[in-house]
Amino acid sequence: MNLSRNKRPLYVQIKNILKDRILHGQYPLETNIPPEPRLEEEFGVSKITIRGAIKELVQEGYLETSSGRGTKVIRNTSTTKRSTWKSFTELLVEEGHAMQKKLLGTAFVRHEPGSELHRLFGGESVKVERLYLLDGAPYIHYTHYVPAKLEKADLSVLAEQSLYGFLEENDVVLTRFRDAFAVSAAPAGIAEQLNLAEGAPLLKRLRYAYDEAGAVVEYSEGYYNTALQHYVVNYDV
């Protein structure tokens with residue numbers, strides 16, 4: 001497991017990865033996370049570092065430790081008790097599903113003048129492609145674009161880490177989002193990743209993430225195989 005050696009402390013990075021696994025259902029509610037020796041081996045760190053990460057998650061209310069019984073997941077949503085809103089992923093996890101991320105690749109890209117990406121980022125940006133698996137089956141293909149200054153950051157951590165957590169760690173502040181939805185034919189490469197025929201109808205989501213100054217700091221195109229699972233939004237009144 002690759003961890004950045006020049007950013008946040010290692011225990012904080014591990015805490016964020018473990019939290020992401022909890023929120024995506026890889027460590028289900030009321031089950032134990034892997035024992036400390038296995039986590040030490042996976043992340044290549046000391047027992048003290050692993051215990052620091054677990055301690056933080058216990059304090060945040062995600063885990064509960066018990067002598068002789070391991071460390072159990074007791075909460076799998078990121079919302080506070082005062083909030084009734086839950087993300088799409090949290091709703092799926094609450095229903096017993098598991099989401100897994102796969103980093104397909106990263107690249108520094110240049111944009112043609114007059115294109116949408118040139119309007120958003122200027123002449124260049126960093127592209128990140130990821131695939132989400134729902135209970136092991138390819139479900140969502142994301143292509144993210146982020147500021148070019150992140151070219152020198154360790155993008156390999158996005159195989160496990162939250163994209164927005166990664167942006168915050170690299171001093172990219174997000175203040176609001178705007179989503180747009182459409183039905184779109186699956187492009188050839190994306191259809192292949194999702195195990196679908198080229199041109200199959202998919203739900204397409206465009207997301208614009210803004211900073212405090214109103215500039216776009218992340219733009220993404222997501223293709224959802226809604227034949228596998230509908231896109232769900234809950235509303236409370």
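Restricted to the range 150-202, and to residues there that are in contact (Cβ under 8 Å) with a residue 12 or more places away in the chain and among the charged types (D, E, K, R), the residue that is nearest to residue 118 (Cα to Cα) is 151. Of the strands (runs of 3 or more DSSP E) entirely within the range 130-237, those holding at least 1 residues that are buried (at least 16 other Cβ atoms within 10 Å of the Cβ) and under 17 Å from the mean Cα position of the chain (by Cα) occupy 137-147, 201-210, 216-224. From the list 77, 49, 71, the one residue that fits, being part of a helix (DSSP H, G or I) and hydroxyl-bearing (Ser, Thr, Tyr), is 49.
Looking at the range 87-129, which of its residues are of a type in the set (A, V, I, L, M, F, W, C) and outside any strand (DSSP E or B)?
Taking the range 87-129 as the starting set, the residues that turn out to be of a type in the set (A, V, I, L, M, F, W, C) are 88, 91-93, 98-99, 103-104, 107-109, 117, 120-121, 126, 128.
Hits for the range 87-129 are 88, 91, 92, 93, 98, 117, 120, 121.
Checking each residue of the range 98-109 against the condition of being crowded, with 16+ Cβ neighbours inside 10 Å, in contact with a strand residue (DSSP E or B) (Cβ under 9 Å, 6 or more places away or on another chain), basic (Lys, Arg) and under 28 Å from residue 12 (Cβ atoms) gives at least one match. The condition (being outside the structural domain of residue 18 (by TED's automatic domain parsing), of a type in the set (Gly, Ala, Ser), in contact with a helix residue (DSSP H, G or I) (Cβ under 7 Å, 6 or more places away or on another chain) and modelled with pLDDT under 90) is satisfied by just one residue among 156, 162, 125: 162. In the range 149-176, the residue that is nearest to residue 123 (Cα to Cα) out of those that are touching a Phe, Trp or Tyr at 6+ places or on another chain (Cβ under 7 Å) and of a type outside the set (Ser, Thr, Tyr) is 151. Within the set 25, 61, the sole residue that is in a loop (DSSP other than H, G, I, E, B) and touching a strand residue (DSSP E or B) at 6+ places or on another chain (Cβ under 7 Å) turns out to be 25. Within the range 28-46, the set of residues being surrounded by 13 or more Cβ atoms within 10 Å (Cβ to Cβ) and part of a loop (DSSP other than H, G, I, E, B) comprises 28, 29, 33, 34, 45.
The values are calculated or read from the model by the stated rules, or taken from the named source; none is laboratory data. Given the structure is predicted, the values throughout are model-derived calculations rather than measurements. Because the Cβ atoms are built from the backbone with ideal geometry, glycine has one as well, and the counts that use them run over all protein chains shown.
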